[in-house]
Amino acid sequence: MTKQVLVLPGDGIGPEITAEAVKVLEALKISDGLDIVMSEDLVGGAAYDVHGVPLADETMEKAQQADAILLGAVGGYKWESLDISVRPEKGLLRLRSDMSLFANLRPAYLFEQLADASTLKPEVVAGLDILIVRELTGGIYFGQPRGVRTLENGERQGYNTYVYSESEIKRIAHVAFQAAMKRDKKLTSVDKANVLEVTELWREVMEEVGKEYPEVELKHMYVDNAAMQLVLNPKQFDVLVTGNMFGDILSDEASMLTGSIGMLASASLDENNKGMYEPSHGSAPDIAGQNIANPLATILSAAMMLRYSLGQEVLAVKIENAVSTVLDKGLRTGDIYSEGMTKVSTSEMGDAVVAAL
Ligand code: NAD
């Protein structure tokens, strides 16, 4: 059955990089009969300029009806002084919350051709391939009560609530175990069970769900140790699962092991594996409109979309291999350029990936 893909290019470099991912998907429609229909709409500052809001209701409806969403990035200098309620980022947050995208998948994968781009020694990071599964709609970022109150003695006190219900932990656990089943079958659950009761429950539920996946080796690690192990010996990890706040921090740490933000894809999934796919970087307004941004993170996000939402594993691998081939040929956008390589533009990089398919 034909699948519907909604493309939301957004702001800054968003339109340039999504155009290249669309080019790759169009090529697969012709070469491999990929059965999708793509339509495009506005999000972020681009939507604000037209509709006065960063995500129009009609766009939200289209997103609900689509099988998957491919997003560029939102934000830019032009909209920074707007009221917080209509800032570009609010468009993204509405998409995530209205669609219940509770599972954020961020691979930290280092193409060996780019091992020099990391600040860590090549032998520590070469071959790095980690998938971080972060719970995205619960935990301390959403827990109630929250706020700043004034105590009887007149002192102000800030407070947040770290809360996870069993069902929230279970559903993210299933996503993580299923992802591990598709990879090396090793899962590390990160918590702070020695101090926080909420993560003691997290650990218990992970163990319970783990019984349904006997092939997956489950380990637990305290978050402080995980932060350390990620820079000490990152290749020990296959899939890492954790809550919203720890995941926020650890996924940024892991992504920087690869040294290049222009290469990193991400997926946010709901309970039925419907998802939104976007590069991990922002809208890079400093280089927008110059045809120099790296489109590979977005192209690799399109590969994740094929894998997780559209059931096209073979074509996902085909895109990933094409990206690797292009890097083998020495083609580099400015952000990953090193001496001796061939510097290419955004569109030339997209063309090269299509050619390598
Ligand atoms: P950024 O990721 O946009 O840029 C950081 C640096 O990385 C910049 O120097 C940029 O030129 C470079 N860079 C980023 N992506 C690149 C690519 N594909 N190719 C080459 N270089 C690339 O982060 P920022 O500068 O902190 O934020 C810029 C805007 O993006 C802000 O408005 C911010 O709110 C927004 N933002 C959006 C998202 C999102 O849409 N998911 C995420 C983060 C930031």
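The values are calculated or read from the model by the stated rules, or taken from the named source; none is laboratory data. As the structure is a computational prediction, the values presented were derived from the model and not from experiment. Glycine also receives a Cβ, built like all others from the backbone with ideal geometry; neighbour counts cover every protein chain displayed.
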Considering only residues of the stretch 79-89 that are farther than 9 Å from Tyr48 by Cβ and not in a loop (DSSP other than H, G, I, E, B), which is farthest from the ligand (Cβ to nearest atom)? Ser85
Subset of the stretch 270-315, residues more than 16 Å from the ligand (Cβ to nearest atom) and outside any helix (DSSP H, G or I), comes to Asp270, Glu271, Asn272, Asn273, Lys274, Ser309, Leu310, Gly311, Gln312
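Where in the stretch 9-66 are the helices (runs of 4 or more DSSP H), entirely inside, with at least 2 residues that are of a type in the set (Ser, Thr, Tyr)?
Working: elements: 14-32, 45-51, 57-65.
Counting at least 2 such residues, we get 14-32.
Which count do you get for residues in the stretch 335-350 that are touching a helix residue (DSSP H, G or I) at 6+ places or on another chain (Cβ under 8 Å) and in a helix (DSSP H, G or I)? Full working, then the answer.
First, pick out the residues of the stretch 335-350 that are touching a helix residue (DSSP H, G or I) at 6+ places or on another chain (Cβ under 8 Å): 335-336, 338, 343-344, 346-347, 349-350.
Keeping just the survivors that are in a helix (DSSP H, G or I) gives 335-336, 346-347, 349-350.
Matching residues across the stretch 335-350 total 6.
Would you confirm, using the coordinates I've provided, whether Glu208 is in the same structural domain as Asp252 (by TED's automatic domain parsing), out of contact with any Cys (no Cβ under 9 Å at 6 or more places or on another chain) and surrounded by 14 or more Cβ atoms within 10 Å (Cβ to Cβ)? Give the steps one after another, and end with the answer.
On the way: in the same structural domain as Asp252 (by TED's automatic domain parsing): yes; out of contact with any Cys (no Cβ under 9 Å at 6 or more places or on another chain): yes; surrounded by 14 or more Cβ atoms within 10 Å (Cβ to Cβ): no.
No.
Do any strands (runs of 3 or more DSSP E) lying entirely in the stretch 125-172 carry at least 3 residues that are more than 27 Å from Lys185 (Cβ to Cβ), and which ones are they?
Details: elements: 129-135, 147-150, 156-159.
Once the strands (runs of 3 or more DSSP E) in the stretch 125-172 are filtered for at least 3 residues that are more than 27 Å from Lys185 (Cβ to Cβ), what remains is 147-150, 156-159.
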Going through the stretch 275-305 in order, the residues found to be out of contact with any strand residue (DSSP E or B) (no Cβ under 8 Å at 6 or more places or on another chain) and either without any contact (Cβ under 8 Å) to a residue 60 or more places away in the chain or surrounded by fewer than 24 Cβ atoms within 10 Å (Cβ to Cβ) (or both) are Pro285, Asp286, Ile287, Ala288, Gly289, Gln290, Asn291, Ile292, Leu296
